[in-house]
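I have placed the structure first, in the form of structure tokens, so that the comments after it can refer back to it.
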Ligand code: UT7
């Protein structure tokens with residue numbers, strides 16, 4: 001009998017309506033469309049506008065779409081894991097809020113925060129519950145409202161990030177498809193180069209922390225870039241080697257969308273032609289945990305049963321990893 005694997009059986013996605021273009025950014029900060037495009041590949045990003053809306057509202061839309069596509073009732077869901085760096089609140093978990101908004105009353109849920117790698121960590125964690133036979137339907141969400149922690153006076157960060165959410169459903173598969181392997185890594189020494197200075201237990205919010213703009217993303221871009229290029233490419237090559245995969249065996253690289261130059265370097269290291277690499281950074285920017293599921297959402301119709309996919313990410317922490325998936329259904 002085949003081992004029970006956790007397979008993705010449906011994908012949902014959502015980006016807010018408002019589009020913040022490079023042209024609009026040129027009117028806010030000292031930058032140019034040419035600089036942003038050549039250094040990052042980004043042309044525009046979507047921003048969630050509106051009082052009282054947060055990460056859970058985008059995720060709720062993505063999950064509702066997923067349930068509708070799969071034709072299942074919210075009450076059938078056993079577990080919800082929300083990968084996010086921008087939770088609605090410090091507590092309770094955003095997964096709980098999403099479960100309430102969607103009506104997934106039989107599910108328990110929790111958040112995973114590993115910066116840009118939270119979706120990969122969550123996917124691997126959620127898959128364990130399926131593989132053991134404990135649960136039959138697990139939803140993994142990747143969602144971030146990066147605009148909520150963005151300083152729109154800092155041209156080195158605000159040009160990069162956008163808002164968005166994606167969600168996948170994991171179900172048991174005994175045909176040999178699903179999550180095949182994962183390599184997940186972290187190195188906390190990297191925290192110096194990408195973090196949010198205040199608002200946690202070490203430095204709770206005060207008037208001073210707000211005045212000093214310490215509740216925004218702080219990034220030393222060049223250092224993060226160097227680590228990202230090396231580690232994302234290395235771990236992608238490692239997972240290919242460990243699973244005896246050549247570039248011909250791989251149908252798609254699904255990379256974290258942080259910078260087009262990092263994506264290209266990873267694709268080249270894996271020996272993949274550009275047409276096998278999912279790239280939508282030009283439209284959405286870096287949506288942190290939205291990037292990987294939003295790629296799957298956009299490319300779903302082109303995916304075929306048995307396709308070999310490598311998902312790869314790098315983010316704050318530092319955290320990085322790669323996951324090998326055999327796709328379980330034909331897109332429509
Ligand atoms: O997803 C989480 C992981 N994060 C990442 O993977 C991000 C990794 N880092 C990067 O993608 C890149 O480092 C950035 C896109 C953030 C920056 O690109 P860069 O090529 O590393 O630029 P830089 O920081 O070396 O800056 C080069 C120049 C500087 O000017 P000087 O000192 O040479 O005069 C910056 O002040 O570009 C200037 N600059 C800008 N100019 C126009 C920085 N931001 C801008 C801007 N517009 N928005």
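The values are calculated or read from the model by the stated rules, or taken from the named source; none is laboratory data. Keep in mind that this is a model prediction, so the values were computed, not measured. Every residue, glycine among them, receives a Cβ derived from its backbone with ideal geometry; neighbour counts consider all protein chains shown.
Residue 299 meets each of the listed conditions (1) more than 16 Å from the ligand (Cβ to nearest atom); (2) crowded, with 24+ Cβ neighbours inside 10 Å apart from (2). When 63, 11 are checked against the criterion of being assigned to a helix (DSSP H, G or I) and under 19 Å from the mean Cα position of the chain (by Cα), a single residue qualifies: 63. If the condition is being assigned to a loop (DSSP other than H, G, I, E, B) and either touching a residue at least 40 places away in the same chain (Cβ under 8 Å) or touching a helix residue (DSSP H, G or I) at 6+ places or on another chain (Cβ under 6 Å) (or both), then region 297-331 contributes 303, 304, 305, 306, 307, 316, 317, 318, 327, 328, 329, 331.
Only a single criterion out of (1) surrounded by 24 or more Cβ atoms within 10 Å (Cβ to Cβ); (2) part of a loop (DSSP other than H, G, I, E, B) is not satisfied by residue 143, namely (2). Among the residues of region 19-54, just one is loosely packed, with under 15 Cβ neighbours inside 10 Å and part of a strand (DSSP E or B), namely 21. With respect to being within 16 Å of the ligand (Cβ to nearest atom), at pLDDT 95 or above and under 12 Å from the mean Cα position of the chain (by Cα), residue 121 fits the description.
Before we move on, is residue 258 at pLDDT 95 or above, assigned to a loop (DSSP other than H, G, I, E, B), within 16 Å of the ligand (Cβ to nearest atom) and outside the structural domain of residue 144 (by TED's automatic domain parsing)? Criteria met by residue 258. Return the residues of region 237-249 that are touching a residue at least 12 places away in the same chain (Cβ under 8 Å), under 13 Å from residue 181 (Cβ atoms) and part of a loop (DSSP other than H, G, I, E, B); say none if nothing qualifies. Selection gives 243, 245. If the condition is being in a helix (DSSP H, G or I) and buried (at least 16 other Cβ atoms within 10 Å of the Cβ), then region 266-275 contributes 266, 267, 269. The residue that is nearest to the ligand (Cβ to nearest atom), among those in region 231-248 that are closer than 14 Å to residue 315 by Cβ and out of contact with any helix residue (DSSP H, G or I) (no Cβ under 7 Å at 6 or more places or on another chain), is 231.
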